[in-house]
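A short worksheet on the structure shown next.
The values are calculated or read from the model by the stated rules, or taken from the named source; none is laboratory data. Keep in mind the model is a prediction, meaning the values are calculated, not measured. FYI the Cβ positions are ideal-geometry reconstructions off the backbone, even for glycines, and counts take in every protein chain you see. To get the accessible areas, we keep the full protein, side chains included, count just its heavy atoms, and leave off ligands, DNA and RNA. Shrake-Rupley method; radii C 1.70, N 1.55, O 1.52, S 1.80 Å.
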There are 2 protein chains.
Amino acid sequence: MDKRFPSRFFLKGNKMENRIPTPGIQTDPDFSDAERAAVYRAMLTRRDTRGQFLPHAIPDDVLSRILMAAHHAPSVGFMQPWSFIIIRKDGTKRRVHDLFKTANEEAARMFDGEAREIYSRLKLEGIIESPVNICVTCDRDRAGPVVVGRTHIKSMDLYSSVCAVQNMWLAARAEGLGMGWVSIFSQAKLKKTLGIPNRVTPVAYLCLGQVEHLYSKPELEVAGWRPRLPIEDLISFERWGNGAANDEQARLVDRARAAQAVLNDDSTPACLFGGRRE
Amino acid sequence: MDKRFPSRFFLKGNKMENRIPTPGIQTDPDFSDAERAAVYRAMLTRRDTRGQFLPHAIPDDVLSRILMAAHHAPSVGFMQPWSFIIIRKDGTKRRVHDLFKTANEEAARMFDGEAREIYSRLKLEGIIESPVNICVTCDRDRAGPVVVGRTHIKSMDLYSSVCAVQNMWLAARAEGLGMGWVSIFSQAKLKKTLGIPNRVTPVAYLCLGQVEHLYSKPELEVAGWRPRLPIEDLISFERWGNGAANDEQARLVDRARAAQAVLNDDSTPACLFGGRRE
């Protein structure tokens, strides 16, 4: 690998362009208003799907596009640490579902009394009902021990695999499929069940398929468990906790608050643009 | 919080709908071919931008839409653990850039000889040149100690904040902005510099702005450091490392390989659909 080291990095300026080719430039890079709205539509209408799955198979071209979406996620040092275990067999699903059941009973015991009784009724996964499960992993060793950009934050490679999962979620939504992320497992037992090597971390276990319907809002939001937090409480300036201290900062907070207000009434991307383009 | 516990969860079936309201259903949920292609276009043309930034301010409505994209990311237990520190002042940028410089010198010392000499020439951040920096954080305590879905995988809340970052990246691309993720910092020093409390983890430090141009492919790919890995090497079936063992599995691998081949020649979403819709 060290022989290839000189071509490993982004370069300052053009000093070494004779040694390292740089990419061509995107021509016609601008998105139309309709294209931009479609990107926001996928984000605003994406749901974490636990139920409502239909058994129909996912066409190969649809599933391959979703995998391409994942494979074009950003990755630290272009590491591409992700792999995809495609699970369609009932036997595998049932073994994974048994792991979920065990972990979910452990989780229930973390709650007391009524809480535990209620937890036991929850619908937190669609492992068996969804036609396709995908385990997305991160191979911590895929690019050797020293990775550009991972020297100080070791979890950057895990974060790259998470970016791949979010691309899959948005691609699935654009393809009209529901997707849910199941996270109630013993990682060690999931690795054993799926034969995942020690160096590899399972990052997400996904349930994917056509659905009867998608909800218009997150179930927990409508159930009243937690509201969508006010965006103004999540924005600070220059330093944690510093609210708007000048007109420029106040304008951004006002604009974000207005955007959230219209989205609360009307979760369509159009309402993000209505009369407020600059 | 326990008083609200009964409304905290997804429910199996309708047993408790009398106690817990469920959301309305998305009407007209299907994406048109053009909308779906726009979602893939954002993913395929997104770049990790370190240079080429222009100093122009980002309009408030654009930045507020990007923050809305983040705030509509999936989060474990609807925790919404993210916050956003918006940095536009030169003084703050320079303090953060100093942290980068220190960490980058430490990173360089992890390499020897020619490698270290080359590393020192790399362009790995656009902190000063980009008009807006955003630190995206994760408040590990935002929803109390026991979070549904985080009981067994503690990093699920960090992953939620990463999903928010990926939404921001795709929204920025759709808005015609470049975005880069800077990860070469001491987390402890970054927290001190930005006044981030102990319970909160800085997940991503982002540089955002208009750019002269976006590259057509990742710089590291074109530089020959690492190729885009062959998708067929990343897919297994039912168990880690199991290649296609039946026609259904082989068809998916063939389809994914074909999709990657056309993308290598032509990174436009149209080529994902050309003549291969089912």
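Below are the figures for this structure:
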quantity: Cα centroid separation - the stretch A:80-112 against the stretch B:79-137, whole Å; calculated: 38
quantity: Above-threshold pairs, the threshold being 29 Å between Cα atoms, out of B:123/B:191; A:154/A:191; A:191/B:191; B:93/B:154; A:192/B:154; A:123/B:191; calculated: A:191/B:191; B:93/B:154; A:123/B:191
quantity: Ascending list, in nanometres, of distances separating the residue B:197 label from those of the other copies (7 Å, Cα toward Cβ); calculated: 4.3
quantity: For residue A:214, residues with placed amide H under 5 Å, excluding near neighbours; calculated: B:26
quantity: Å² of accessible area per residue within the protein assembly as shown, as computed with a 1.4 Å probe and no ligands counted; calculated: 37
quantity: Proximal aspartates and glutamates relative to residue B:189, as straight alpha-carbon distance under 16 Å, when same-chain residues fewer than 8 apart are discounted; calculated: A:238, B:98, B:105, B:106
quantity: Other-copy label distances relative to residue B:242, 7 angstrom Cα-Cβ extension, nm; calculated: 5.5
quantity: For the stretch B:33-101, convex hull of alpha carbons as volume per residue, Å³; calculated: 170
quantity: 3J(HN,Hα) from dihedral phi, the stretch B:126-141, Karplus parametrisation 6.51/-1.76/1.60, rounded to Hz, x for glycine, proline; calculated: x, 4, 7, 6, 6, x, 10, 10, 10, 9, 9, 10, 9, 8, 5, 9
quantity: Loop-exposed trypsin sites (Lys or Arg not before Pro) per DSSP, neighbour cap 16 Cβ within 10 angstrom, longest uninterrupted part of chain A; calculated: A:20-88
quantity: Average beta carbon contacts from partner chains per residue of B:21-27, 10 Å cutoff; calculated: 6
quantity: 3J(HN,Hα) from dihedral phi, the stretch B:188-193, Karplus parametrisation 6.51/-1.76/1.60, rounded to Hz, x for glycine, proline; calculated: 4, 5, 5, 4, 5, 5
quantity: Simple label model, 7 Å out from Cα along Cβ direction - residue A:56 to residue A:120, nm; calculated: 3.8
quantity: Other-chain or far-sequence residues with amide H under 5 Å of residue A:209's (modelled H); calculated: A:178
quantity: Antiparallel bridges, percent of DSSP beta bridges restricted to the stretch B:47-220 (to nearest 5); calculated: 95
quantity: Whole-percent carbon and sulfur share, accessible surface of the stretch A:47-220, 1.4 Å; calculated: 51
quantity: 10 Å Cβ neighbours from other chains, averaged over peptide B:40-52; calculated: 5
quantity: Selection from B:83, A:201, A:49, by position along the positive dipole direction of the protein assembly as shown (Cβ); calculated: A:201
quantity: Protein accessible surface hidden between A and B, which excludes ligands and nucleic acids, total in Å², probe 1.4 Å; calculated: 15500
quantity: Charge dipole (debye, nearest 20) of chain A; +1 at Cβ of Lys and Arg, -1 at Cβ of Asp and Glu; calculated: 1180
quantity: Residue-averaged [θ]222 nm for the protein assembly as shown, counting only DSSP H segments that reach four residues, each worth -39500 (n - 2.57); calculated: -11500 deg cm²/dmol
quantity: The protein assembly as shown, dipole about Cα centre (Lys/Arg Cβ +1, Asp/Glu Cβ -1), debye to the nearest 20; calculated: 1540
quantity: Principal axes of the protein assembly as shown: Cα extent on each, largest first, Å; calculated: 66, 58, 42
quantity: Other-copy label distances relative to residue B:24, 7 angstrom Cα-Cβ extension, nm; calculated: 4.7
quantity: Phi-based couplings in Hz for the stretch B:196-210 (Karplus 6.51, -1.76, 1.60; Gly and Pro marked x); calculated: 7, x, 4, 6, 9, 9, x, 8, 8, 10, 10, 10, 9, x, 5
quantity: Dipole moment magnitude, nearest 20 debye, the stretch A:228-278 about Cα centre, only Lys, Arg, Asp, Glu C-beta charged; calculated: 100
quantity: Leading residue at positive end of dipole, the stretch B:173-267 (Cβ point charges), from B:260, B:225, B:180; calculated: B:180
